[in-house]
1. For the residue pair Lys200 and Glu26, what label-to-label distance in nm results when each label sits 7 Å from Cα along the Cα-to-beta-carbon direction?
2. Mind giving me the nanometre distance, one decimal, between the label points for Asn86 and Asp160, set 7 Å out from Cα along Cα→Cβ?
3. Counting each DSSP H run of 4 or more residues in the chain as -39500 (n - 2.57), what helix-only mean residue ellipticity at 222 nm follows after dividing by all residues, to the nearest 500 deg cm²/dmol?
4. Expressed in nm to one decimal, what extension gain is obtained for the pair Arg177 and His76 from 0.36 nm per residue of sequence separation less their Cα-Cα distance?
5. For segment 143-201, report the accessible area per residue in Å² (1.4 Å probe, heavy atoms, rounded to an integer).
6. For segment 1-45, which whole percent of the accessible surface, found with a 1.4 angstrom probe, sits on carbon and sulfur atoms?
7. Mind jotting down the distance between the C-alpha centroids of segment 92-155 and segment 12-49, whole Å?
8. Which parts of segment 119-160 would a label at Ile3 reach, counting a residue when its backbone N lies under 13 Å from a point 7 Å out along Cα-to-Cβ?
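The values are calculated or read from the model by the stated rules, or taken from the named source; none is laboratory data. Predicted, not measured: the structure shown is a model, and the values here were computed from it. For neighbour counting, all protein chains shown are included, and Cβ atoms are generated from backbone atoms with ideal geometry for every residue, glycine included. Accessible surface areas use protein heavy atoms only, side chains included; no ligands, DNA or RNA. Shrake-Rupley method; radii C 1.70, N 1.55, O 1.52, S 1.80 Å.
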Amino acid sequence: MEILRNKSYEEVSKEAAKIITKVIQENPKAILGLATGSTPLGLYNELIKEFNEGILDFSEVRTFNLDEYIGLTPEHEQSYRFFMENNLFKHINLKIENCQVPSGVEVDYDKYCDEYEKMIDAAGGMDLLILGVGENGHIAFNEPNTRLGSATHIIDLTEDTIKVNSRFFRSEVEVPRQAITMGMGTIMKAKKIVLLLTGKNKSHVLNRLLNEKFITAEFPVSFLMMHRDVTVIFDEEACGEI
Ligand code: GLP
């Protein structure tokens, strides 16, 4: 694991943008895996800036998002499709047909999860995957005690995650109880992974990841220690306890 410590959230975002820029400049047809949440917002703003300055061209890039809430339509303001459209897709020249976000409103999920997985494989796999992390160590929506080899699947969200994510909804009861998520197996197949960790509320996660060095399904982000090309980028607030 490569560890990059930065002063601020802004610097973390810039550092991550540099990595994406290099990947796209080396391969204009790069396949990216993308995350939602507040952490990658600064990174997405950097990418939009670089696009506006003519540094980046997304016309041949393809993207696959990590996850989506079950039951939320793409128009729902808290759906991850809505988030991606508004915070990234509509501001750059990605082709709409090249941006995949798992659907939260399918009828046959066995079939759909299999198709999502096959779509990523058919594209050649993810060249670079951007990850944030949940306060309980989940990545995408792979909650504690997830299976290492899992493919895209439906998961029951934990009470902790529902509580933490309720800040985006009017009340806790509105938070969907299930999500569709790339599995740990899908994530581990990405050629390169960048994990972003920022803010005080992630300091216990960073501390545990860097100091405990223990791989356990109970702390899904620890699986990343087995990947051969992971860069962890964090800010000073996140290393409060180190
Ligand atoms: C959600 C997403 C994760 C994300 C996490 C952290 O649960 N499914 O992909 O990493 O939230 O979000 P934030 O960056 O807002 O802390």
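1. Distance between the two pseudo-spin positions: 3.9 nm.
2. 2.8 nm
3. -8500 deg cm²/dmol
4. Between Arg177 and His76, full extension yields 34.8 nm more.
5. Values: 2800 Å² over 59 residues.
Accessible area per residue: 48 Å².
6. Values: 1110 of 2170 Å².
That fraction is 51 percent.
7. Here the two parts' Cα centres lie 18 Å apart.
8. Of the residues in segment 119-160, none has backbone N under 13 Å from the label point off Ile3.
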